[in-house]
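> My questions all concern the structure below.
The values are calculated or read from the model by the stated rules, or taken from the named source; none is laboratory data. Here the structure is a predicted model, which is why all the values come from computation and not from measurement. Note that each Cβ is placed from the backbone with ideal geometry, even for glycine, and that neighbours are counted across all protein chains shown.
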């Protein structure tokens, strides 16, 4: 079996509410431009219908039950077959031109890989202010996130996502990928038009102003190794 042009790697912990929309958005975006893709879902401690839904939509599933999102992301990527890979969270979805925009950049020798613009599914003043607080922490670093795209060789060169981190593993990955690119004369890119939409489930659960009112929690999450903070906001939240 020949490898697809692009692999989509999705980490998923009890994502039956969102995984269908995510996968369907991938197929739709790829089909719109005639690009052959595969979808690999890394199942993490799933007790719901995530696997059944994913497989019914043509995704292939692998299992990684570590309570560490970096390990789940790595398992998803390493379960793929294409040389060009995209990672996207299960509660996000692509837009019609996302796959085409990625394909235009991922093989461009000017780029080591990159991220994407990420827009919330709804807006409020609290969500906007929270976005500014988070943006301030990465301002000037020359990176973006939400969805990452890269060639497999560059992913392996930076040893994937750091499994010693239990939060902000995506920020860390972006910074290390950018630094690796600089050694090769390549830059970190961003898919702006054709970025992704993400759910507001954290805001729906905790409230639109929660992180603004709890800056200490944000500080602890950005440390990357605070298990209590990560469990509270990510790992132990009801889906």
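> Do you know which of the residues in region 215-226 that are buried (at least 16 other Cβ atoms within 10 Å of the Cβ) and without any contact (Cβ under 8 Å) to a residue 24 or more places away in the chain is farthest from residue 166 (Cα to Cα)?
So the residue we want is 217.
> Checking residue 229 against (1) in a helix (DSSP H, G or I); (2) surrounded by fewer than 17 Cβ atoms within 10 Å (Cβ to Cβ), which test does it fail?
The number of the failed condition is (2).
> Taking region 174-198 as the region of interest, how many residues are buried (at least 19 other Cβ atoms within 10 Å of the Cβ), out of contact with any helix residue (DSSP H, G or I) (no Cβ under 9 Å at 6 or more places or on another chain) and more than 17 Å from residue 138 (Cα to Cα)?
Going through region 174-198 one residue at a time, the tally reaches 1.
> List the number of the failed condition for residue 146; all other conditions in (1) free of Cβ contacts under 8 Å to residues at least 24 places away in the same chain; (2) in a strand (DSSP E or B) hold.
Answer for residue 146: the failing condition is (1).
> Residues that are part of a helix (DSSP H, G or I), touching a helix residue (DSSP H, G or I) at 6+ places or on another chain (Cβ under 9 Å) and closer than 20 Å to residue 213 by Cβ: does region 155-165 have at least one?
Taking every residue of region 155-165 in turn, none turns out to be part of a helix (DSSP H, G or I), touching a helix residue (DSSP H, G or I) at 6+ places or on another chain (Cβ under 9 Å) and closer than 20 Å to residue 213 by Cβ.
> Additional query: In a helix (DSSP H, G or I), closer than 24 Å to residue 103 by Cα and at pLDDT 95 or above - does that describe any residue in region 189-203?
No: zero hits.
> Another question, if that's okay. Considering only residues of region 19-40 that are in contact with a helix residue (DSSP H, G or I) (Cβ under 8 Å, 6 or more places away or on another chain) and in a loop (DSSP other than H, G, I, E, B), which is surrounded by the fewest Cβ atoms within 10 Å (Cβ to Cβ)?
Only one residue fits best here, namely 36.
> If you go through region 52-74, how many residues are out of contact with any helix residue (DSSP H, G or I) (no Cβ under 8 Å at 6 or more places or on another chain), in a helix (DSSP H, G or I) and closer than 22 Å to residue 17 by Cα?
Qualifying residue count for the region: 4.
> Here's something else I'd like to know. Inside region 1-12, can you point out the residues that are surrounded by fewer than 22 Cβ atoms within 10 Å (Cβ to Cβ), modelled with pLDDT of 95 or more and farther than 13 Å from residue 100 by Cα?
Answer for region 1-12, where residues must be surrounded by fewer than 22 Cβ atoms within 10 Å (Cβ to Cβ), modelled with pLDDT of 95 or more and farther than 13 Å from residue 100 by Cα: just 4.
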